[in-house]
Structure formats: structure tokens, C-alpha cells
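Handing you this structure, nothing more for now.
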Amino acid sequence: MKAVLDHVGIAVSDLPAALAFYRDALGLHVEPPEDVETQHVRAHFIPVGGSTLELLEATAPASAIARFVEKRGPGLHHITLSVENIDAAIAHLKTRGVRLIDQEPRPGAEGARVAFIHPAAAHGVLVELKQPARRSASAPSWPTAESLRVQRHTIGDLEVTSLYDGYFRLDGGAMFGIVPRALWQKKVAADERHRVLLAMRPLLIRGEKTVLVDAGLGDKDSEKFRDIYGVDRARHLDDALADAGVAADDIDVVVATHLHFDHAGGFTVRTPGGRIVPRFPRARYTIVKGEWEAATRPTERTRASYIPENFVPLLDAGVIDFVSGDEAVMPGVRLQRSGGHTMYHAMVWLESGAARAVYPADIVPTTAHLPNAWALGFDLYPADSVTAKAALSADLLTTNTLTFFAHDPVHAAGHLVEHHGVRSLRPPS
Ligand SMILES: [Zn+2]
Ligand SMILES: [Zn+2]
């Protein structure tokens, strides 16, 4: 069994005293805490090389950490070993007669699957085995139900919900441009057809109006298309809207970041009679004029990404409002042209009271794309993407802004943080 130390959990009873040692005396960086509400635990993460120390603080008397501290005092609570295949690891341990707490893996944080080995078998140490979500990207056991869940946030007066329209797959090399596979495959697993798993995550904003940003792939595609792109819409936008308590005719405005099929496919729908009509019957559709021109006059390079039936029927129905790419959609919501991915690709900013959020769409489609230089091979103007991302990141690292990811298979949103030049995501607060 190949195992890598993932983290060491330390139960603390006096957090300020623990911080005085780990942060102030040792001089280690302590990341903002994360609450694991189901466990009544607040975890403070301290990155140390390839692994992490976790200071675990009980938030309620019922917490296992509170009981641990009461019984044994503060100290080493558990160690976590990361394994490639947790099912194989458990099966192996069973054949060796090792006493387990979990006979089967159970869901852990961030889509991981975890199982505990009994301390009696591990010489007094509680050992957790963990299979991180990323490693199983090509495996059928991917935790779909867990990561495709609507997530509601409040941004000032706006209620913002990350939706989903299922998964698809794109060639890994094309998703990471000039980044060598040796680097990107440390973050993302490719399947046997060299594709990486991506989610489609449109954004719902409820304020003065009800606004939908992008609409995923929709369901007009052929069997062949769905095979090429590994489309998995077992749970799709209709489910997400239902989860969010919104009906199709509640949508007032649909905003397009751009018109690629994985963002605009859900703008239209085929009727039982075979006609293609706007999917949101009451909505006006906000489309950047320059992007429309690019989409309706594609080049050989761009043709595969633009499918006319996703947007031309909107023009026929007279429901499009063309915009320049830098304007307000409603109070608190505005478009900002980024360029890069396409000449007129736009990001969406949400600003209400002191709160801010951004939907950068394909400028930062997943958390794997956080480094400035990690631009997509699909980008038509990659140097502009890097410039746009650099400006965006400088903003995100100095402000408390929630970032939504259009394609991350695991993370719908989070706050960008940087430590020793390495960027990562802090969960939404
Ligand atoms: Zn795109
Ligand atoms: Zn996209």
C-alpha cells in the first residue's frame, strides 16, 4: 500500500495558547479556520511542506474532540494517510485481520472518501485513510451527489446560488494549454481517453430581478456529441433550479459570459414538435455584441465551440438585449469584459453593501487554474487571459471576495488565498 502523510490532527483545549505556540513561537502560518458543523469541530490548518497540521477545537460539548480532551487531555488525535485506492486499502487490511472502525469508506470533506482504523490496531494512534476526490476523477465512484449540490450564499442584498448542469469532459491538454502534463496531472486525473472531468455550474442571482448567468449544456445534443464530451447530466439544471426553488419562468434575465456550448447550450430547448425556442419563457437574454459576432461568424478554429441552435433562435424570438460587455445587469450585478478566452468573454461581478463576489467563467474555470500562467489551450488570446487573471487575482488576494467556479468538479466557490506563492482556496465564509 502506498500512503502519503496528509495531515496530523491535534486536539486542543485552549486555542489561544495553542496558537501562541504553533503560530507565534514556531512561526508557522495558520490558515483561517473551517467549521465542520456535523462534527462540532473547528479546524485550524497549518501547512507544513506536503502535509498539514490541524488544530482541532470542539465547538460543542457533544463533539468527539471535547470527549477526547476530557478523557485524555489535549494532544495527538489522529493521523491521516492519503491512499490512491481506499477500497483496495480496506480490502487489504481486512485480509490482514486489522481492526477497523469503518468497514466501508464514508464521505469526508471536499468529496474525499475516508475510513478509520481502530487505534487498538495502530498501537494507540487513530489512523484515518483518505482517498482525495481528485484522484478518483476517472473512476465511476466519483461522488456526484456530493459535489453537485446547490450552494446558497448571501452577498449584501443579493442571494446567490451556485447551480449545476451535470458534468462533461474535455481533453486535458486542451484544458491546460502550455502547462506540461507532468504538472497538471498532479492536480487532475485524466481518463483513458485523456479527458478531465469538469462540472458546469451556472449562477443564480436573486435581487431586484432573478438573473441566471450561463445555463450549461442543455439537452439538444446528439448521442455522438455526448460520447465525445463524456456528458453526464444524470442531475442537471432542472434539478438544480428545483433545488434552489426557482421555476423556468421565474428567470427575468439570462446573462451569457460567452456563447460556447457548455455555457449557452441551456439557453434554448427543443419543443416536442421539433422547434427550438428560448428555454426561459419570460427572460430577456443579455449577450455581448462582440461575442455574438464571433459566434455567428465562426472561423475554422472556433466553429466547434459555437452551435447556432443554442443562440440564433433567441434572435428569432426577439429576446436578446445586446450589450458592450462592461455594464450593469441590475443593481449590484455588472459585466466586465475580460477578453482572453474569447475576444469578448465577460466576467460577472456582484457588489452589494460591503460584500463582493465574482464569476470569472472561463478565465478561472477550476481551482487547478488558479496560477496566472495556467490558461486554457482553448483560449483564443491566451496572453490576454493571463493579464486578466493577474489583475483579478491581485484584487481577490487583497479583498474579501467570493469566487465562483464555472467548471470545477468539486469546488463551487471559495476565497483565493496565497501562501509562499502557492494559491489555494479557503472555503466560503
Ligand atoms: Zn468557453
Ligand atoms: Zn467553459
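How many percent of DSSP beta bridges within the chain run antiparallel, rounded to 5?
75
How much of the DSSP beta bridge set in region 3-131 is antiparallel, as a percent to the nearest 5? Write down the numbers at each step before the final one.
Working: 27 of 38 bridges.
Given both bridge residues lie in region 3-131, the antiparallel proportion sits at roughly 70 percent.
Another one. Sum -39500 (n - 2.57) across every DSSP H segment of at least 4 residues in the chain, then divide by the residue count to get the 222 nm mean residue ellipticity, nearest 500.
Calculated at 222 nm, the ellipticity per residue is -5000 deg cm²/dmol.
Please name whichever of 204, 188, 225 sits farthest to the positive end of the charge dipole of region 180-232, dipole taken about the Cα centre and charges placed at Cβ: Lys and Arg +1, Asp and Glu -1.
Looking along the dipole axis, the top candidate is 188.
Express the relative contact order of the chain as a whole percentage, based on alpha carbon pairs under 8 Å and six or more residues apart in sequence.
Value for the chain: 11 percent.
Could you list the GluC sites (Glu not before Pro) in region 1-54 that lie in coil according to DSSP, counting only those with at most 13 other Cβ atoms within 10 Å of their Cβ?
none
Whole Å is fine, so just give me how far the alpha carbon centre of region 309-368 lies from that of region 170-210.
19
Now for a different question. Which value in Å does the Kirkwood hydrodynamic radius of the chain take, with 1/r averaged over all unlike C-alpha pairs and then inverted?
One decimal place: 23.2 Å for the Kirkwood radius.
Can you work out the Karplus-derived ³J(HN,Hα) for every residue in region 421-427? Use 6.51 cos²θ - 1.76 cosθ + 1.60 with θ = phi - 60°, whole Hz, and x for glycine or proline.
x, 9, 8, 8, 10, 9, x
Given the convex hull over the Cα atoms of region 3-131, what projected area results after averaging over all orientations, in nm²?
8.1
Among the listed pairs 2/187; 2/94; 2/186; 186/224; 187/220; 209/289, which are separated by more than 20 Å between their Cα atoms?
Flagged as over cut-off: 186/224; 187/220; 209/289.
How much net charge surrounds residue 9 when only other residues with a Cβ under 9 Å from its Cβ are counted (Lys, Arg +1; Asp, Glu -1)?
Working: positive: none; negative: 54, 128.
Here the count lands on -2.
If packing is taken as the mean number of other Cβ atoms within 10 Å per residue, what is the order of 252-258, 21-27, 311-317, highest first?
By packing density, highest mean first, the sequence is 252-258, 311-317, 21-27.
Where a number appears in this text, it was derived from the coordinates with a stated rule and is not lab data. Only a predicted model underlies this, so the values are computations on that prediction, with no experimental measurement involved. For neighbour counting, all protein chains shown are included, and Cβ atoms are generated from backbone atoms with ideal geometry for every residue, glycine included.
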